[in-house]
Amino acid sequence: MKNQQQTTAPRLNILVERYADHQREQRLKPKSIKGSHAALRRFCAFLSGRGCRAIADVGALDLERYQLSLAGLAVSSQQFYLVHARQFFRWLENTQQLFLNPAAALCIPKRPRTLLAVPTEDQVARLLAAPNIKRAAGLRDRAWLEVAYSTGARLIEMTRLTVADLDLQNGLLRLFGKGDKQRLVPLGKQAIYWLEKYLDQARPKLLEGKQITALWLSSWGGRPLSYEAIYRQLRTYAKQTGLPKALLSPHSLRRACVTHMLNHGASPLLLKELLGHSRTATLSHYLRQNIADLKQTHRCCSPGR
């Protein structure tokens with residue numbers, strides 16, 4: 001019976017060519033089709049070495065062995081070959097050329113996520129002290145740096161702030177996050193201190209007699225401070241203090257806020273609320289960073305070393 005199936009069923013290499021024709025009909029880019037074809041030719045060569053000529057010969061065990069044969073390659077290369085094999089079998093299943101899909105449970109390895117660089121507490125302290133507070137713009141910058149570090153607010157959330165969003169008496173700040181979701185976050189003592197100085201001494205000068213509700217004002221004509229201006233100033237201060245390029249990102253202070261609070265024993269559930277995340281799982285990267293710091297500290301300081 002199996003021999004009869006082999007003589008009537010198309011050979012694997014013929015199906016690969018038909019699959020390439022299908023991809024052309026779908027108007028895939030020639031480069032994508034070429035890459036897919038090369039991946040599947042390698043797959044067919046492996047199956048041929050195992051005695052598989054027709055699609056009916058291929059089982060889940062063959063796919064497992066194929067995956068094992070790729071184990072010496074980089075994870076990205078393994079993903080490339082296995083994804084194309086799985087897509088090929090999905091096409092065969094969708095076009096009813098295959099009754100059972102042996103690649104349905106094929107597990108694609110994931111590339112390990114690299115830990116993002118996070119400024120240390122000393123580096124953040126140097127960054128916060130970088131603005132020239134003798135100038136109105138410098139006092140403003142010191143205030144928003146303190147607020148960003150204290151609350152973990154995104155820079156885009158910082159640009160949306162108005163004076164009405166402040167409740168300094170109760171130490172609270174109202175932020176508008178993604179989807180215009182509102183949340184109240186606590187302000188640290190330093191953030192409150194520098195906000196008060198900014199509101200009393202710098203903001204009236206930057207207003208230039210205008211009536212503007214935006215909290216952060218530009219040095220030019222009393223206009224609201226834009227996202228680009230805040231980010232540009234952040235990069236300037238980071239370079240002045242010698243922070244590595246890896247730390248020059250809009251999320252640097254946000255990552256620093258979360259990581260440092262975790263280091264000091266903050267609850268991930270409370271940090272989820274602070275950052276405006278809907279799921280605690282979103283904090284997984286920060287938790288991994290925290291564990292990496294703990295392991296490094298343990299290596300250096302463990303009593304059994």
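Determine which member of the set F89, F80 is under 17 Å from P109 (Cα atoms), of a type in the set (F, W, Y), in a helix (DSSP H, G or I) and modelled with pLDDT under 95.
When all the criteria are applied, what remains is F80.
Counting only residues that are touching a strand residue (DSSP E or B) at 6+ places or on another chain (Cβ under 6 Å) and part of a helix (DSSP H, G or I), which one in the range 126-161 is farthest from E228 (Cα to Cα)?
Selected residue: T151.
Can you report the number of residues in the range 11-67 which are acidic (D, E) and within 18 Å of Q79 (Cα to Cα)?
Going through the range 11-67 one residue at a time, the tally reaches 2.
Does any residue of the range 52-59 turn out to be closer than 22 Å to I14 by Cα and charged (D, E, K, R)?
yes
If G171 satisfies all but one of (1) farther than 30 Å from A56 by Cβ; (2) more than 22 Å from the chain's Cα centre (by Cα); (3) touching a residue at least 24 places away in the same chain (Cβ under 8 Å), what's the number of the condition it fails?
Failed condition: (3).
Within the range 201-212, take every residue that is part of a helix (DSSP H, G or I) and surrounded by fewer than 19 Cβ atoms within 10 Å (Cβ to Cβ) and give me the one that is modelled with the lowest pLDDT.
L207
From the set of residues in the range 175-211 that are among the basic types (K, R) and over 22 Å from A256 (Cβ atoms), which is nearest to the chain's Cα centre (by Cα)?
K181
Between residues in the range 75-95 that are hydrophobic (A, V, I, L, M, F, W, C) and residues that are surrounded by 16 or more Cβ atoms within 10 Å (Cβ to Cβ) and in a helix (DSSP H, G or I), which pairs lie under 6 Å by C-beta distance while being six or more apart or on different chains?
Here the result reads A85/F43; F88/Y19; F88/L40; W91/Y19, each pair linking the range 75-95 to a residue that is surrounded by 16 or more Cβ atoms within 10 Å (Cβ to Cβ) and in a helix (DSSP H, G or I).
Quick test of your reading of the structure: Q26 fulfils all but one of (1) surrounded by 17 or more Cβ atoms within 10 Å (Cβ to Cβ); (2) at pLDDT 90 or above; (3) not hydroxyl-bearing (S, T, Y). Name the failing condition by number.
(1) is the only condition that Q26 fails.
Within the range 92-105, track down each residue that is among the hydrophobic types (A, V, I, L, M, F, W, C), under 19 Å from H37 (Cβ atoms) and assigned to a loop (DSSP other than H, G, I, E, B). Quick ask: steps written out before the conclusion?
Quick first cut of the range 92-105, residues among the hydrophobic types (A, V, I, L, M, F, W, C) only: 92, 98-100, 103-105.
Now narrow it down to the ones that are under 19 Å from H37 (Cβ atoms): 92, 103.
The answer is A103, and nothing else.
Being assigned to a loop (DSSP other than H, G, I, E, B), over 26 Å from W216 (Cβ atoms) and more than 27 Å from the chain's Cα centre (by Cα) is the requirement here; does P109 meet it?
Working: assigned to a loop (DSSP other than H, G, I, E, B): yes; over 26 Å from W216 (Cβ atoms): yes; more than 27 Å from the chain's Cα centre (by Cα): no.
No.
Could we say that A85 is small (G, A, S), surrounded by 12 or more Cβ atoms within 10 Å (Cβ to Cβ), under 18 Å from A38 (Cα atoms) and in contact with a Phe, Trp or Tyr (Cβ under 6 Å, 6 or more places away or on another chain) here?
For A85, the condition - small (G, A, S), surrounded by 12 or more Cβ atoms within 10 Å (Cβ to Cβ), under 18 Å from A38 (Cα atoms) and in contact with a Phe, Trp or Tyr (Cβ under 6 Å, 6 or more places away or on another chain) - is met.
Scan the range 138-152 and tell me whether some residue there is farther than 19 Å from A202 by Cβ and either exposed (fewer than 15 other Cβ atoms within 10 Å of the Cβ) or in contact with a helix residue (DSSP H, G or I) (Cβ under 6 Å, 6 or more places away or on another chain) (or both).
Yes, because at least one residue in the range 138-152 is farther than 19 Å from A202 by Cβ and either exposed (fewer than 15 other Cβ atoms within 10 Å of the Cβ) or in contact with a helix residue (DSSP H, G or I) (Cβ under 6 Å, 6 or more places away or on another chain) (or both).
Could we say that K239 is closer than 28 Å to L168 by Cβ, at pLDDT 80 or above and of a type in the set (K, R) here?
No.
Could you please find all residues in the range 213-269 being free of Cβ contacts under 8 Å to residues at least 12 places away in the same chain, surrounded by fewer than 15 Cβ atoms within 10 Å (Cβ to Cβ) and under 25 Å from K197 (Cα atoms)?
The answer is W220, E228, R232, T236.
If you go through the range 162-194, how many residues are in a loop (DSSP other than H, G, I, E, B), among the aliphatic types (A, V, I, L, M) and surrounded by 15 or more Cβ atoms within 10 Å (Cβ to Cβ)?
Initially, the range 162-194 is screened for residues in a loop (DSSP other than H, G, I, E, B), giving 168-171, 177, 181, 187-188.
Filter again for among the aliphatic types (A, V, I, L, M), leaving 168, 187.
In the following step, the residues that additionally are surrounded by 15 or more Cβ atoms within 10 Å (Cβ to Cβ) were identified as 187.
Adding up the residues that qualify gives 1.
The values are calculated or read from the model by the stated rules, or taken from the named source; none is laboratory data. Note that the structure is predicted; figures quoted are calculated from it, not measured. Reconstructed Cβ throughout: ideal geometry from the backbone, glycine too, with neighbour counts over all protein chains shown.
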